[in-house]
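A.B. asks: Before I ask anything, here is the structure I am working with.
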Amino acid sequence: MTIPKRKTHQVTSNSSAGSPAQAFAAQLLAALAKAGIRNFFLAPGARSQALAIAAGQLADAGKIDLHVRLDERSLGFTALGSALASGEPSVLITTSGTAVANLHPAVLEAHHSGVPLILLTADRPHELRGVGANQTTNQINIFNDAVRECVDVPAPNGNDGEPREAVQLAMNAISVSMGYDGDQPGPVQLNLAFREPLSATTPNAAELNPIIELPDIFEPHPEFAVLAAELPTVVVAGAGAGSDAVELAEAFGWPLLAEPSSGARHGANAIIGYRRILESHELAKEIRRVIIFGKPTLGRAVIRLLFNENVEVVVVRSKVMGHFDVSRRASIVVDEISIDSDVDFEWLERWRMVDSELATAPSDNLDRRSLVDAVWEATNGPDQLLLGASRLIREADAWAPAKLLNIYSNRGLAGIDGTVATANGLALIEREGTTRALIGDLTLFHDASSLAIDPIDGELNIQIVVGNDAGGTIFAGLEMAEALDAKTFERLFTTPQQIDIWHLAQAYGWNYIRVENISELQKALSTTGRVVIDVRLK
Ligand SMILES: Cc1ncc(C[n+]2csc(CCOP(=O)(O)OP(=O)(O)O)c2C)c(N)n1
Ligand SMILES: [Mg+2]
């Protein structure tokens, strides 16, 4: 198992001049910008003022994009969405205290799904820690092993070595967050102590030109396995799998069982009805080997297969999702696979035939499946689709057609939190197409405050498509739904709500469209701007 390293080290400093806090912040941010980091996210506060001013200067000079949010929890997920879409680290700036703790949900999701984040958390200097100073808590290792590294940087005091230390910290943060050191990408925390004077308007970060040198990228030798070609094999693609899974399945003629959030549900080998086949078709009993890419999370049938003693489990290491071997039965864990003889496509043909026999057309009425279908149809080219946790992603797993899409889902921990913010973060990066989030009603309400958008971010095309069934209806499918009386079940699990989405949209300045049938839905999906589409489901 890959256990991310956690290192805590100190950087030393002494002597003073002007605002050492500002000089240090300016160097640090200038170095990040010069290295090509574009997206900075700020939630205002006093202790972090030097960082805010430096970020503002770089943004005014057009060297970075600065996004300002009130709520650090929302900021964290917005930064996560941007890092997902750009593939580059997002930089987050917060003040001290609970502000830092509010980043925790997004940090956990980023840790489990290998998303690069650089957290700049402002803190009191060491002499003010542990003595009851305002807004001061222990921020060191606050995220435990969810950060690749936590560096506790003492308050700068203006000595000669500080500019170089700031640049080194920036380069190291980029390298570790991106996994250049051979580890998985993920969050890095620079806990930055600042002493008064906390800021100044000079130096101007945009006028600095630090000398930067990015560390080398560590390239591990890929581990290779040669497998017997004739063993009846399926390729499972979970979250984070990407097109490698498609390429392998197509090269060796294996059926591809791809979750919608895998980025691999496309091409001729994708078996759309795989869940139904695994659950109840004789063909599933013939499987003798499963090759896993990414982290499958959506159905029990795949997990059962991994526990089946007649089935060999081969895991292809994921670059982002970490170690996956829930049944602890993986016979090999490798990076690349080849086979020992020619392929026989008859196995694949049988899967295709069963898949087409089991296929049905979606209903003309508006239900979860036709909602998924319309969203798939509407999403093309540069458009981005974010699937929330809960029922609709499972409906997509059951029915969504094979199609190459820019698709995302926070499956690191599969929380219903932060989904609106993640969609905003995705939209900030890809401005050509529409960013669409397909989510449940509770998922919207959980993250309603993320409808607040900084006007400086400009016009965004975002659609929050809400499958509104007045509560968390996913739980109706679980064991306890049978055992409990309806009233108790509803109170303990469904969280029924009466929130008026129209008022919510109005309050935050979003357009609102309520749809009752498929043609209204299709029309709503073709609109531009920021819109909440309220899809009433039974
Ligand atoms: C942060 C977080 N809290 C709780 C859960 C457990 N949970 C999973 S689905 C769900 C209900 C979701 O309801 P909704 O968004 O309306 O989707 P529906 O199931 O009704 O389609 C909850 C509370 C979770 N995944 N994440
Ligand atoms: Mg619901």
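A.B. asks: Quick one: compute a quarter of the convex hull surface over the Cα atoms of region 271-332 and quote it in nm².
C.D. replies: Average of the hull's projected areas for region 271-332 equals 4.3 nm².
A.B. asks: Mind listing the long-range amide H neighbours of residue 42? Cut-off is under 5 Å, sequence gap 5 or more, other chains count too, H placed in the peptide plane at 1.01 Å from N.
C.D. replies: For residue 42, the qualifying residues are 67, 68, 69, 93.
A.B. asks: Taking N as the number of residues in region 91-166, what value does Rg over Cα atoms divided by 2.2 N^0.38 Å take? Show your work: numbers first, answer last.
C.D. replies: On the way: Rg = 13.6 Å, N = 76, 2.2 N^0.38 = 11.4 Å.
After normalising by residue count via 2.2 N^0.38 Å, the value is 1.19.
A.B. asks: Rounded, prolate or oblate: which fits region 285-426, taking a ≥ b ≥ c as square roots of the Cα gyration tensor eigenvalues, rounded meaning a/c under 1.5, else prolate when a/b beats b/c?
C.D. replies: In terms of gyration-tensor shape, oblate.
A.B. asks: Please report, in Å, the Rg and the Dmax of the chain, where both are computed over Cα atoms only.
C.D. replies: 24.8, 77
A.B. asks: So if we plug the beta-carbon distance of residue 70 and residue 145 into 1/(1 + (r/R0)^6) with R0 = 45 Å, what FRET efficiency do we get, rounded to 0.05?
C.D. replies: Approximately 0.95, to the nearest 0.05.
A.B. asks: Ok, one more. Out of every Cα-Cα pair in region 16-117, what percent are more than 19 Å apart?
C.D. replies: Percent of Cα pairs beyond 19 Å in region 16-117: 41.
A.B. asks: Using 7 Å Cα-to-Cβ label points, what is the residue 519/residue 344 separation (nm, one decimal)?
C.D. replies: 5.3 nm
A.B. asks: Something else: Quick one: grab the alpha carbon gyration tensor of region 71-219, order the square roots of its eigenvalues as a ≥ b ≥ c, and give me rounded if a/c is under 1.5, else prolate or oblate depending on whether a/b is larger than b/c.
C.D. replies: Oblate shape, in that a/c is at least 1.5 and b/c is the bigger or equal ratio.
A.B. asks: So, one more: With all protein chains present, how much of the accessible area of the chain (probe radius 1.4 Å) comes from carbon and sulfur, to the nearest whole percent?
C.D. replies: 51 percent
A.B. asks: With a 10 Å radius around each residue's Cβ, average the other Cβ atoms per peptide and rank 529-535, 454-460, highest first.
C.D. replies: Peptide ranking by packing, descending: 529-535, 454-460.
A.B. asks: Sticking with this structure for a sec: Length gain on complete extension for the stretch residue 327 to residue 268, per 0.36 nm per residue less the alpha carbon to alpha carbon distance?
C.D. replies: Length gained, residue 327 through residue 268: 18.3 nm.
A.B. asks: Starting from 0.36 nm per residue, how many nanometres of slack lie between residue 46 and residue 502 once their C-alpha separation is accounted for? Provide the component values of the computation, followed by the final result.
C.D. replies: Working: separation 456, 0.36 × 456 = 164.16 nm, distance 3.57 nm.
So the chain would gain 160.6 nm between residue 46 and residue 502.
A.B. asks: Sequence gap of 8 or more, or different chains, plus Cα separation below 22 Å: how many lysine pairs satisfy both in the chain?
C.D. replies: Lysine pairs satisfying the spacing and distance rule in the chain number 9.
A.B. asks: At 37 °C and a viscosity of 0.692 mPa s, what translational diffusion coefficient does Stokes-Einstein give for region 397-538, taking Rh as the Kirkwood radius over Cα pairs? Give it in µm²/s as a whole number.
C.D. replies: Working: Rh = 16.4 Å.
After rounding, the answer is 200 µm²/s.
A.B. asks: At 1.4 Å probe radius, can you tell me the per residue accessible area of the chain in Å²?
C.D. replies: Result: 42 Å² per residue.
A.B. asks: Note down the Stokes-Einstein diffusion coefficient of region 442-482 in µm²/s, whole number, using a Kirkwood radius over alpha carbon pairs, 4 °C, and 1.567 mPa s. Working shown, then result.
C.D. replies: Numbers: Rh = 13.1 Å.
Diffusion coefficient, whole number: 99 µm²/s.
A.B. asks: Net charge near residue 499: determine it from the other residues with C-beta under 12 Å of the C-beta of residue 499, scoring Lys and Arg +1 and Asp and Glu -1.
C.D. replies: Local net charge: -3.
A.B. asks: Take the alpha-carbon centre of region 225-249, take the same for region 494-515, and report the distance between them in whole Å.
C.D. replies: For region 225-249 versus region 494-515, the Cα centre distance is 43 Å.
A.B. asks: If you don't mind, another one. Based on the mean of other beta carbon atoms within 10 Å per residue, what is the order of 240-249, 90-99, most packed first?
C.D. replies: By packing density, highest mean first, the sequence is 90-99, 240-249.
A.B. asks: How long are the three semi-axes of the equivalent ellipsoid of region 207-247, in whole Å, if each is the root of 5 times an eigenvalue of the C-alpha gyration tensor, listed from largest down?
C.D. replies: Taking √(5λ) for each Cα gyration eigenvalue gives 41, 16, 6 Å.
A.B. asks: Local charge sum around residue 480 (other residues, Cβ-Cβ under 14 Å, Lys/Arg +1, Asp/Glu -1)? Each step should come with its number before you reach the end.
C.D. replies: Numbers: positive: 487, 491; negative: 479, 482, 485, 490.
Result for the neighbourhood of residue 480: -2.
A.B. asks: Provide the descending list of Cα extents for region 154-286 along its principal axes, expressed in whole angstroms.
C.D. replies: That works out to 73, 30, 25 Å along the principal axes.
A.B. asks: Now for a separate question. Between residue 526 and residue 481, what length comes free when the chain is fully extended (0.36 nm per residue of separation minus the Cα-Cα distance, one decimal in nm)?
C.D. replies: 12.4 nm
A.B. asks: Once the other residues with Cβ under 13 Å from the Cβ of residue 326 are scored (Lys, Arg +1; Asp, Glu -1), what is the net sum?
C.D. replies: Summing Lys and Arg as +1 and Asp and Glu as -1 gives +4.
A.B. asks: In addition: For region 304-365 and region 253-284, what is the separation of their Cα centres, given in Å?
C.D. replies: Cα centroid to Cα centroid, the span is 8 Å.
A.B. asks: Let me ask you something else. Put one equal scatterer on each alpha carbon of region 231-321, apply the Debye formula with no solvent term, and list log10 I(q)/I(0) at q = 0.22 1/Å to two decimals.
C.D. replies: Ignoring solvent entirely, the Cα scatterers give -1.08.
A.B. asks: Determine, from the Cβ-Cβ distance of residue 134 and residue 445 and an R0 of 25 Å, the FRET efficiency 1/(1 + (r/R0)^6), rounded to the nearest 0.05.
C.D. replies: Computed FRET efficiency for residue 134 and residue 445: 0.15.
The values are calculated or read from the model by the stated rules, or taken from the named source; none is laboratory data. A quick note: this is a predicted structure, and the numbers were derived from the prediction, not measured. Positions of Cβ are generated from backbone atoms using ideal geometry, with glycine treated the same way; all protein chains shown enter the neighbour counts. Only protein heavy atoms, including side chains, enter the accessible area calculation; ligands, DNA and RNA are left aside. Shrake-Rupley method; radii C 1.70, N 1.55, O 1.52, S 1.80 Å.
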